[in-house]
Amino acid sequence: MSGTTIRLQGCRKAFTDGTVAVDNLNLTIEAGETLVILGPSGCGKTTTLRMIAGFERPDTGQVFFGDSNVTRLPIERRDVGMVFQNYALFPNLNVAGNIIYGLKIRGLSPAERNKRCAELLELVGLQDHGQRHIHELSGGQRQRVALARALAPRPRVLLLDEPLAALDAQLRERLRSELDQLLRSLRITSVFVTHDQGEAMALGDRILVMDRGRVAQLATPRDIYQQPANAFVASFVGNLNAFPVIEPTAHGLKVSGGELPWKGIQAPTTVYCRPEHLRVMDDGGHLRGRLVGQFFQGAQSRLLVDVGGA
Amino acid sequence: MKRSTLFFAQLVFTLLVCAFMLVPVLLSLLAGLTRNYFVGVSGGLTLDWLVQVWQAYSPTVWLSLQLAVSCAVCVCVIGVPAAYALVRMNNRFSRAFEELMVLPVAMPGLASALALLLTYGQFGELRRSWLFILVGHVLFTLPFLVRPVMAVMQRQQLPTLEEAAASLGAGPIKRFFSVVVPNCRAGILAGVLMVVTLSLGEFNLTWMLHTPMTKTLPVGLADSYASARLEVASAYTLIFLLMIVPLLIALQAISARLSRGERR
């Protein structure tokens, strides 16, 4: 399965009540790439996905699949596969019926349909479940069927709208790694929407972090974490400590709890750092504070330290 | 197990209420089978009256069935898409329309029939045809299908199911028939059950709209009450009940099975 490049050009979408969901979005998703759109609720990530899918038409701007402009095409003619948060399986059809639905519409012969259906059941590890009813399946199985259904007609693009959000933590983890392997082996262009940074980090070739309808950052998971473009991205992806600078001193910056070394010319107003970049010392550190809380988390512990200030 | 006095008091009360409602029905049925109602059962039982009714009024039975079935079909064809549109639009206009649709139910049947006669009465062909009565029945029974179908459509996660179907390449018409209709079966069946029942028993509208050539069962019944012996009218009631009770039980069973399936 080869991928299709997706291109959004200056897309903007406002709702009838005037709120702008997505503003001037330019985005290229490379063929075969898995792009994760990450952000808090209401940041425009779902609207972006729905514009790619064809459920929403952008007010301005254009959407391209490869070289063809699909802005005006409804979803049923865009050749996309879609996986929904609440599975959206047809309760009136059994598992095989759900998977075959899209194949029937594409006019495959019964023999071809059954062959493809068996392939997909095997792909998602549900070989013997073809004749099961949807209500007999667990949440994880349902989402696998939904995935098989979306992939069956060999879509150009796979879109996933928070597909793991309705599952419990353990199952989510397992399905996530299965999904990761699947997307990598299929090499299909996929867009995955989530508000879970762990999912984003694990699945994305690149992550698009969105904030209030705009791109906050678009980069690899590593870059997003290590070189966040701004404080929003830094605090949304991973944990973050912020130290407001009180005043520059001769050799550094005075902050609540001590003084940090600094050699630059223009002093920043806030210094940020990741928790793992701080080290607890007996004496002689740059910062001093009082331990307020300690949370054991297995492989690591989280310390809450009061350094004074706000 | 010792039951309290209250239990027996309630039991007696319930039985009395049941008797109050059922005895007239039973008496009426019995009247249709007695040789002479004024003599009573002691005068002997007979099926003569039933035969007589069948000979005189069997066309009304067939017409009523024909009307009920056609009415159910028409109401389905109009009502299911209408319910879908109303649920989809869900704005001030659609709510107003929903109210408007219930108007023929709230209004006396005679009034709606009169309105139909005033408007379409001059079209002789239509006026003389049974289709004229069908129009009245469809108007009257439409909300009884649209309402339950709308309720089912609102309960289901239909919009997402349709989006899923669309993503798999289904156009609007394909989506309606392959996703919307199958997932609203329970509501449609409940509605059809109601529509058939109402259409079979409808008298007000039908009495105004009928011609001597297009008499339905209830109209014939009124006719026989007015003109024939009491025993004939009662035998007629018996035929009506024989017709409608099995139908109701069957439809009820189907819709119960469907709604059980829906809940799983």
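Residues considered: A:Val63, A:Val36. Of these, the only one that is touching a Gly at 6+ places or on another chain (Cβ under 7 Å) and either outside the structural domain of A:Glu76 (by the TED database) or hydrophobic (A, V, I, L, M, F, W, C) (or both) is A:Val36.
Within the range A:223-259, the set of residues being buried (at least 16 other Cβ atoms within 10 Å of the Cβ) and within 19 Å of A:Leu208 (Cα to Cα) comprises A:Ile224, A:Tyr225, A:Pro228, A:Phe232, A:Val233, A:Ala234, A:Phe236, A:Val237, A:Gly238. Within the range A:63-82, being more than 9 Å from chain B (Cβ to nearest Cβ) and crowded, with 19+ Cβ neighbours inside 10 Å holds for A:Val63, A:Phe65, A:Val70.
Only one of the numbered conditions (1) buried (at least 24 other Cβ atoms within 10 Å of the Cβ); (2) in contact with a Pro (Cβ under 9 Å, 6 or more places away or on another chain); (3) over 22 Å from B:Asn90 (Cα atoms); (4) among the aliphatic types (A, V, I, L, M) is violated by B:Met194, and that is (1). In the condition set (1) away from chain A (no Cβ under 14 Å); (2) small (Gly, Ala, Ser); (3) surrounded by 22 or more Cβ atoms within 10 Å (Cβ to Cβ), B:Ala165 is compliant with all but (1). In this structure, B:Ser234 qualifies as touching a Gly at 6+ places or on another chain (Cβ under 6 Å) and within 25 Å of B:Leu27 (Cα to Cα). Please tell me if B:Thr141 is farther than 16 Å from B:Thr214 by Cβ, crowded, with 17+ Cβ neighbours inside 10 Å and of a type in the set (S, T, N, Q). It is true that B:Thr141 is farther than 16 Å from B:Thr214 by Cβ, crowded, with 17+ Cβ neighbours inside 10 Å and of a type in the set (S, T, N, Q). As for the range A:58-67, it holds no residue that is assigned to a loop (DSSP other than H, G, I, E, B) and aliphatic (A, V, I, L, M).
A single member of A:Pro153, A:Pro91 is at the interface with another protein chain (Cβ under 9 Å from one of its Cβ atoms), in contact with a His (Cβ under 8 Å, 6 or more places away or on another chain) and either outside any strand (DSSP E or B) or under 23 Å from B:Cys184 (Cα atoms) (or both), and it is A:Pro91. From the list A:Thr47, A:Thr34, the one residue that fits, being touching a residue at least 12 places away in the same chain (Cβ under 8 Å), closer than 10 Å to A:Met210 by Cβ and touching a strand residue (DSSP E or B) at 6+ places or on another chain (Cβ under 9 Å), is A:Thr47. Elements of the type helices (runs of 4 or more DSSP H) sitting completely within the range B:194-264 and holding at least 2 residues that are touching a residue at least 60 places away in the same chain (Cβ under 8 Å) and among the polar types (S, T, N, Q): these cover B:204-209, B:230-263.
Quick check on my filter: what residues within the range A:118-127 are touching a helix residue (DSSP H, G or I) at 6+ places or on another chain (Cβ under 8 Å) and over 13 Å from A:Asn98 (Cα atoms)? A:Leu123, A:Val124, A:Gly125, A:Leu126, A:Gln127 - these are the residues of the range A:118-127 that are touching a helix residue (DSSP H, G or I) at 6+ places or on another chain (Cβ under 8 Å) and over 13 Å from A:Asn98 (Cα atoms).
Results for (1) modelled with pLDDT of 90 or more; (2) hydrophobic (A, V, I, L, M, F, W, C); (3) touching a helix residue (DSSP H, G or I) at 6+ places or on another chain (Cβ under 7 Å); (4) surrounded by fewer than 18 Cβ atoms within 10 Å (Cβ to Cβ), shown as yes or no for each residue.
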| residue | (1), (2), (3), (4) |
| --- | --- |
| A:Gln170 | no, no, no, yes |
| A:Thr189 | yes, no, no, no |
| A:Gly198 | no, no, no, yes |
| A:Val209 | yes, yes, yes, no |
| A:Arg214 | yes, no, no, yes |
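The values are calculated or read from the model by the stated rules, or taken from the named source; none is laboratory data. Keep in mind it's a predicted model, so treat the numbers as computed, not measured. Don't worry about glycine lacking a Cβ; one is built from the backbone with ideal geometry, like all the others, and counts go over all protein chains shown.
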